[in-house]
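A short reminder: the numbers here are calculations on the coordinates, not readings from a lab. Here the structure is a predicted model, which is why all the values come from computation and not from measurement. So basically every Cβ, Gly included, is an ideal-geometry build from the backbone, and we count neighbours across all protein chains shown.
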Amino acid sequence: MDTNASREFLENLLEIGRDESFCFDCNSSVPCFNRCCAELALPLTPYDVLRLCRQLGMNGEDFLRRFAVMRSFPDTGFPLPMLNMLECPGAPCPFVAPAGCMVYEDRPGACRCYPLGRGASMGTWGNVTERFFLVREDYCKGFDKGTARVPAQWFDDQQIAVYNAVNDRYMRLITMVRATGKPLEACLAATAELCFFQLDKFREFIKKMRIFERVKIDDAHNAAVMDESLAGDEAALDFALDWMELVIFGKSKGLEKN
């Protein structure tokens, strides 16, 4: 979904206040269980792909080839992988089974957020302003008998804080590029895809291009970025965001040149 379509989608939803409660539960006892896991136009963020790759034991390139179609934000040129639905009746998500989500612990942020929509706008100083929207599909029965929660409680339950933090960092970079009025050139867009969605190749790129020799980075940070664990992948993605900001703008809030 492009930026304008996303904005139009949110504007047509019911906005809910930060302290306003809603009732919702989703489990196998709800008649529409799994119905929302089909016919999706689901964009994947870098952190979504990071977690799914670890869950599935796949590298980024293989994951994108098998499970996504690569598009781009038209106004910035940033890569935008869309999750492929299965080509069968009902077009279900490739990760859903009759018993529910097979990658539940590492499901994408949009799935965790549902039935809430979250709109985030970046302030001048990098601060994030949030708005919340309630998504009520005609078929959804999760609102019939549900637990009362405010948005923050729902997000805590769904363990979405780390997703939002990394996604906001990514959107900050996209917003900075959008403000220039110039989309990324093809070579930079390809580099962004490698850095953000193929962390294994990004680590190879770091070694080949001797990137650590070009920036101010201590040994502990260096080791964290190259560590092939969940924490290491998170450190590598954070470094990738700083690195791309440095490459695009010649300076970065979190990284300095040597």
>> Residue under question is Gln153, and the condition is that it be touching a residue at least 12 places away in the same chain (Cβ under 8 Å) and of a type in the set (S, T, N, Q); does it hold?
In response: no
> Got a number for residues in region 75-119 being of a type outside the set (A, V, I, L, M, F, W, C) and either in a strand (DSSP E or B) or closer than 20 Å to Phe63 by Cα (or both)?
Replying inline: 16
>> Every residue in region 75-95 that is over 18 Å from the mean Cα position of the chain (by Cα) and within 18 Å of Leu64 (Cα to Cα), please.
In response: Leu86, Glu87, Pro92
> When you scan region 190-258 for helices (runs of 4 or more DSSP H) that lie fully inside it, which ones turn up with 1 or more residues that are surrounded by 13 or more Cβ atoms within 10 Å (Cβ to Cβ) and touching a Ser or Thr at 6+ places or on another chain (Cβ under 7 Å)?
Replying inline: 230-249
